[in-house]
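Structure first, commentary second.
Read the figures in this text as sums done on the coordinates, not as results from a lab. Please read these numbers as outputs of a predicted model, since none were measured by experiment. Using ideal geometry, Cβ is built from the backbone for each residue, glycine included, and neighbour counts are taken over all protein chains shown.
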Amino acid sequence: MKRFTCDELAEQLTAYLEDALDQPSRDGIRAHLACCEGCGRYLEQFRATIKVLGDQPPEKLSAPVRDRLMSAFRDRRPR
Ligand SMILES: [Zn+2]
């Protein structure tokens, strides 16, 4: 199982939601989400944003939306 830092997780999250990651990466992200409250909230917000946009695949998100999600993630980090 891979280990992810919060930054690495943020970078891999779209691939995770697209099911584009290999099993060790998926397990690592799940393990991180299970014990990191900030990233768990980030994932929820990410999913909610995608839903609002009409269930578009994450790779179709526009750059501004991605930027907003990334800065939302940074704001939610505990430190
Ligand atoms: Zn985290």
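Order the peptides 5-11, 63-69 from the highest to the lowest mean number of other Cβ atoms within 10 Å of their residues. Could you put the intermediate results ahead of the total?
On the way: 5-11: 14.9, 63-69: 13.0.
The most tightly packed comes first, giving 5-11, 63-69.
In nanometres, what is the gap between the two model label sites at residue 20 and residue 1, each 7 Å from Cα along Cα-to-Cβ?
2.5
How far is it, in nm, from the label point at residue 45 to the one at residue 70 when both lie 7 Å from their Cα along the line to the Cβ?
Result for the modelled spin labels: 1.5 nm.
Considering only the other residues whose Cβ falls under 14 Å of the Cβ of residue 28, what net charge follows from Lys and Arg at +1 and Asp and Glu at -1? All intermediate terms of the calculation are to be shown ahead of the outcome.
Numbers: positive: 2, 3, 26, 30; negative: 7, 8, 11, 22, 27.
That works out to -1.
Can you check what the Kirkwood hydrodynamic radius comes to for the range 6-76, Cα pairs only, in Å to one decimal?
Value: 12.3 Å, from the Cα pair sum.
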